[in-house]
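Novice: Take this structure, written in structure tokens, and hold onto it; I'll ask about it next.
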Amino acid sequence: MPPIPEKVVTTDGTLLIDSGEITAGQNVWQTMGGMEVGSVWGHGSYTAPDWTADWLHREAEFILDRWANGEFSKPFAELDAEHKGQLSARLTELFHTNTFEPETKTLTI
């Protein structure tokens, strides 16, 4: 199981998700049969989409296009290799930075 935060806060301390809300959401998902067609790690992707991977892929494409349009006035797909590499490296750092604090079980976004 992945670590499940007890709360999610923004960098300025604003509380977004409080203790128990994630577990309550998981219970709703499980009650609706969610565990029968997939899992939090995608092990059920043999019978259903891996929603985590799909979401991360879509989010990455959105962010890359937003940055590309903002900085180079064109979609990511139309950038040259150097600019694609620059934005991809920034995206990797953004996605790989772990802001979960195990001691407090707090995720900061």
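Novice: Report, ordered by the first and then the second residue, all pairs with beta carbons closer than 9 Å, sequence separation of six or more or different chains, a first member in region 87-101 that is among the polar types (S, T, N, Q), and a second member that is outside any helix (DSSP H, G or I).
Specialist: Listed by first residue and then by second, the contacts come to 99/11; 99/106; 99/107; 99/108; 99/109.
Novice: Would you pick out the residues in region 75-99 that are modelled with pLDDT of 95 or more, surrounded by 12 or more Cβ atoms within 10 Å (Cβ to Cβ) and not in a helix (DSSP H, G or I)?
Specialist: Matches in region 75-99: 75, 79.
Novice: From the list 62, 72, pick out the single residue that is touching a helix residue (DSSP H, G or I) at 6+ places or on another chain (Cβ under 7 Å) and either hydrophobic (A, V, I, L, M, F, W, C) or at pLDDT below 95 (or both).
Specialist: None of the others qualify; the one that does is 72.
Novice: Mind checking whether some residue in region 25-38 is at pLDDT 95 or above, aliphatic (A, V, I, L, M) and either out of contact with any Leu (no Cβ under 7 Å at 6 or more places or on another chain) or farther than 25 Å from residue 7 by Cα (or both)?
Specialist: Looking for residues that are at pLDDT 95 or above, aliphatic (A, V, I, L, M) and either out of contact with any Leu (no Cβ under 7 Å at 6 or more places or on another chain) or farther than 25 Å from residue 7 by Cα (or both), one finds none in region 25-38, hence no.
Novice: Next up: Which residues, taken from region 7-32, are in contact with a strand residue (DSSP E or B) (Cβ under 7 Å, 6 or more places away or on another chain) and of a type in the set (Asp, Glu)?
Specialist: 18
The values are calculated or read from the model by the stated rules, or taken from the named source; none is laboratory data. This one's a predicted model, so the numbers in the text were calculated from it and none came from an experiment. Here Cβ is always computed from backbone atoms with ideal geometry, including for glycine, and neighbour counts include all displayed protein chains.
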